[in-house]
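Have a look at the structure below before the remarks.
The values are calculated or read from the model by the stated rules, or taken from the named source; none is laboratory data. All of these numbers come straight from a predicted model, not from anything done at the bench. These accessible areas exclude ligands, DNA and RNA; they are computed on the full protein's heavy atoms, side chains included. Shrake-Rupley method; radii C 1.70, N 1.55, O 1.52, S 1.80 Å.
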Amino acid sequence: MIRGAIVTLLLLAFGGLRLPLESALTEEHKSAYFHQAKLKLDLREQIGQLGFLAALSGFRSLVADFIFIEAHTAWERTQWGRVLLLFRQATTLQPRSLIFWDMAAWHMAWNASVAARNDRSRLTTPVRRKLEREYFALGKDFLERGIRNNPDHALLYESLGRIYREKYQDHAAAARAFDLAALRADAPEYDRRFAAYELSYVPGREREAYARLRALYDRGEDERLPTLLKRLKFLEEKLDIPLQERIPDAQM
């Protein structure tokens, strides 16, 4: 009887100590958006045994940092498949880390895509181009998923805008991405300019782009940067803006 009572008390004590710890871990998962990644077998397959154990034990941050370092090493060795796998693991473990998403997209859309395009040793030109586009898409996918986990920060919208601008030459999509970045509290001033620049390349939207660029110009000297002046001059000619309404040529 005494032994049974002691065991019961120990179990109650252990449960009492464990309850606040589990509650804290649950709140941490929610605050980090980790509740979107459910702890089941498909997650185990995605992030590997070490990452899955980290997710269960509360060492996600430590293991994610280790995986991030491993991804950097894989990049130095141009092991693109491993880079992709490791960044998928790192972003799954730490979905609120902006740098993980941003670096993953950069490695795919820029580094891996350039390596694929220049790999003349074993690939034909059509295959190289196809593989290059696939890496563009992987980079874009990292950013789109990163934005879903971090909708209130400008950085990933900016990076998505650059992919649309530089890899897809989709100026309308780039303008939208930069506009969304500009709405965030941590957005730098240049996001609004970038959005207007991109809009000036979209057929049929020149009048809107001109109004936005001219509004920036009218804010004062700090906004009158060479690219803004160049695009304004281009649109003045294209839209046949009256001479008396154009910015002075001396500005150029």
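Ranked from largest to smallest solvent-accessible area, with a 1.4 Å probe on the protein heavy atoms, Asp222, Asp102, Asp170 come out as Asp222, Asp170, Asp102.
Sorting Arg96, Arg133, Arg148 on solvent-accessible area from highest to lowest, probe radius 1.4 Å, gives Arg148, Arg133, Arg96.
What do you reckon, how do Ile163, Ile99, Ile147 stack up by accessible area (1.4 Å probe), largest on top?
Values: Ile163 0, Ile99 95, Ile147 25 Å².
Final ranking, largest accessible area leading: Ile99, Ile147, Ile163.
Look at where the Cα atoms of the stretch 80-115 and of the stretch 186-251 average out, and the two centres are 35 Å apart.
Shape of the stretch 98-168 from its Cα gyration tensor (a ≥ b ≥ c, root eigenvalues): rounded if a/c is under 1.5, otherwise prolate when a/b > b/c, or oblate?
Judged from the Cα gyration tensor, the stretch 98-168 comes out prolate (a/c at least 1.5, a/b above b/c).
In straight-distance terms, cross-link reach from Lys230 covers every one of the aspartates and glutamates whose alpha-carbon lies under 18 Å from its own, apart from those fewer than eight places away in the same chain; here that gives Asp191, Glu198, Glu206, Glu208, Asp218, Glu221, Asp222, Asp240, Glu245, Asp249.
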